[in-house]
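See structure below.
The values are calculated or read from the model by the stated rules, or taken from the named source; none is laboratory data. Computed from a predicted structure; not experimentally measured. Because the Cβ atoms are built from the backbone with ideal geometry, glycine has one as well, and the counts that use them run over all protein chains shown. These area figures cover heavy atoms from the full protein model, side chains too; ligands, DNA and RNA do not enter into them. Shrake-Rupley method; radii C 1.70, N 1.55, O 1.52, S 1.80 Å.
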Amino acid sequence: MQEENSPQAFWERHYQGVSPKSSGRPSAVLTNFVAQRQPQRALELGCAKGDDAVWLAGQGWQVTAVDVSQTALDYARRNAEAVGVEGRISFSKHDLSQSFPAGEFELVCAVFLESPVEFSRIKVLRRAAEAVARKGLLIIASHGSIAPWSWAEPDTEFPAAEEVLKDLDLESDCWKEVFVGPSLRQATGPGGQTAQVTDTLVILERI
């Protein structure tokens, strides 16, 4: 039985209240940093309605797509079926603070893996780094500013990319920094509104 304020309960309520349809748009960080890489095995943490998982599968990746919400996973599966890539995606339900997918991956993505309810994010991101295979890529994208439609408090302070990297506490001689810093993006809100926002990116390749 779900606790009322658990991450699973929160995200179930969230996804049950939104459209099941995919935006059809992958995250900009993927198109910028992944499009030219050889498709192999990918792990997406927090797949939501499947926009990124579907795009990766369409590029030839074999994707493990994870979310804490069964409703989100159901939406993502239907969106994958709609474009015929469901055979390249394995959908898996995890509360990542409690369990984590097994295996190694040439791409591990944690794109906006953030939550307004309590969540052991750094612990999960460290586990994500452990899942990256040699010569694989770790992508962490976080919010660096507040969009007008955000549920974040106006005075929210976001950690810089260098702080996120420091908190990961990785062995520096095992990783190559591909990009660590802020990135501007034109974002689209749930009502179709747009605004320029800042993303905080930590993109590392395991040596």
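So that you can scan it fast, the table gives a plain yes or no per residue for (1) more than 14 Å from Glu86 (Cβ to Cβ); (2) part of a strand (DSSP E or B); (3) touching a residue at least 12 places away in the same chain (Cβ under 8 Å); (4) touching a Ser or Thr at 6+ places or on another chain (Cβ under 7 Å):
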{"position": "Ser19", "(1), (2), (3), (4)": "yes, no, no, no"}
{"position": "Ser22", "(1), (2), (3), (4)": "no, no, yes, no"}
{"position": "Pro26", "(1), (2), (3), (4)": "yes, no, yes, no"}
{"position": "Leu43", "(1), (2), (3), (4)": "yes, yes, yes, yes"}
{"position": "Cys47", "(1), (2), (3), (4)": "no, no, yes, no"}
{"position": "Ala53", "(1), (2), (3), (4)": "no, no, yes, no"}
{"position": "Ala57", "(1), (2), (3), (4)": "no, no, yes, no"}
{"position": "Leu73", "(1), (2), (3), (4)": "no, no, yes, no"}
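Residue by residue, here is whether (1) open to solvent by 40 Å² or more (accessible area, probe 1.4 Å); (2) touching a residue at least 24 places away in the same chain (Cβ under 8 Å) holds:
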site	(1), (2)
Val124	no, yes
Lys135	yes, yes
His143	yes, yes
Pro148	yes, yes
Phe158	yes, yes
Glu162	yes, no
Val178	yes, yes
Arg185	yes, yes
Gln193	yes, yes
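Taken over segment 150-195, the criterion of being polar (S, T, N, Q) and under 20 Å from the mean Cα position of the chain (by Cα) is satisfied by Ser150, Ser183, Gln186, Thr188.
Would you check which residues across segment 80-93 are under 19 Å from Pro39 (Cβ atoms) and either free of Cβ contacts under 8 Å to residues at least 12 places away in the same chain or not in a strand (DSSP E or B) (or both) and list them? Once the filter is applied, which keeps residues that are under 19 Å from Pro39 (Cβ atoms) and either free of Cβ contacts under 8 Å to residues at least 12 places away in the same chain or not in a strand (DSSP E or B) (or both), segment 80-93 yields Ala80, Val83, Gly84, Val85, Glu86, Gly87, Arg88. In this entry, Val117 passes the filter for residues that are surrounded by fewer than 17 Cβ atoms within 10 Å (Cβ to Cβ), of a type in the set (Val, Ile, Thr) and at pLDDT below 95. Looking at segment 34-54, which of the residues that are over 14 Å from the mean Cα position of the chain (by Cα) and not charged (D, E, K, R) is nearest to His143 (Cα to Cα)? Looking at the filtered set, the residue picked out is Ala35. Scanning segment 60-111 for residues that are polar (S, T, N, Q), crowded, with 20+ Cβ neighbours inside 10 Å and touching a Phe, Trp or Tyr at 6+ places or on another chain (Cβ under 9 Å), we see that the one that is nearest to Ala129 (Cα to Cα) is Thr64.
Table: residues versus (1) farther than 17 Å from Val111 by Cβ; (2) touching a Leu at 6+ places or on another chain (Cβ under 7 Å); (3) assigned to a loop (DSSP other than H, G, I, E, B).
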{"site": "Arg127", "(1), (2), (3)": "no, no, no"}
{"site": "Leu138", "(1), (2), (3)": "no, yes, no"}
{"site": "Ala141", "(1), (2), (3)": "no, yes, no"}
{"site": "Pro148", "(1), (2), (3)": "yes, no, yes"}
{"site": "Ala152", "(1), (2), (3)": "no, no, yes"}
{"site": "Phe158", "(1), (2), (3)": "no, no, yes"}
{"site": "Glu162", "(1), (2), (3)": "yes, no, no"}
{"site": "Leu170", "(1), (2), (3)": "yes, no, yes"}
{"site": "Leu184", "(1), (2), (3)": "no, no, no"}
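For segment 154-207, a residue qualifies if it is among the acidic types (Asp, Glu) and either in contact with a strand residue (DSSP E or B) (Cβ under 6 Å, 6 or more places away or on another chain) or over 30 Å from Ser19 (Cα atoms) (or both), and the qualifying residues are Glu162, Glu163, Asp167, Asp169, Glu171, Asp173, Glu177, Asp199, Glu205. Whenever a residue of segment 94-113 is at positive phi, its partners that are open to solvent by 30 Å² or more (accessible area, probe 1.4 Å), lying with C-beta atoms within less than 7 angstrom and at least six residues away or across chains, give the pairs Phe112/His143.
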